[in-house]
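Here the structure comes first, spelled out in structure tokens, and everything after it is commentary.
The values are calculated or read from the model by the stated rules, or taken from the named source; none is laboratory data. Note that this is a predicted model, so its numbers are computed, not measured. Counting neighbours? That spans all protein chains shown, and the Cβs are built from the backbone with ideal geometry, glycine included.
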């Protein structure tokens, strides 16, 4: 079994966040969970703590996360934006992922 590199894991996660609806939505909700309570309430990023959404994404992605939580869906146009924006959060997603499962998924893809 070939060794999986950090670069392969990064690219796998970025690809999943950019193309896989389940990954993109789950990632959106997980990153939203990293926002402070105040940030969630005002739908903006105001604390620079290296977790959660960036300042430019805070408002739109927080509103999407709330909609997904309360209504259970996002429109195709909203999903297109989620696919565009979520790959930049790959590092936070890797940090909270089950590393063994993640490596296994990358190995299966590369098999």
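So which of 51, 106 is more than 14 Å from the chain's Cα centre (by Cα) and either within 17 Å of residue 23 (Cβ to Cβ) or modelled with pLDDT under 90 (or both)?
106
Specify the residue that is nearest to residue 59 (Cα to Cα); the eligible residues are those in segment 1-42 that are touching a residue at least 12 places away in the same chain (Cβ under 8 Å) and not in a helix (DSSP H, G or I).
35
Looking at 17, 29, which is the one that is in contact with a helix residue (DSSP H, G or I) (Cβ under 8 Å, 6 or more places away or on another chain), loosely packed, with under 15 Cβ neighbours inside 10 Å, under 30 Å from residue 110 (Cα atoms) and modelled with pLDDT of 90 or more?
Going through 17, 29 in turn, just one is in contact with a helix residue (DSSP H, G or I) (Cβ under 8 Å, 6 or more places away or on another chain), loosely packed, with under 15 Cβ neighbours inside 10 Å, under 30 Å from residue 110 (Cα atoms) and modelled with pLDDT of 90 or more: 29.
Quick one: how many residues across segment 64-94 are more than 14 Å from residue 15 (Cα to Cα) and surrounded by 13 or more Cβ atoms within 10 Å (Cβ to Cβ)?
So the count comes out to 10.
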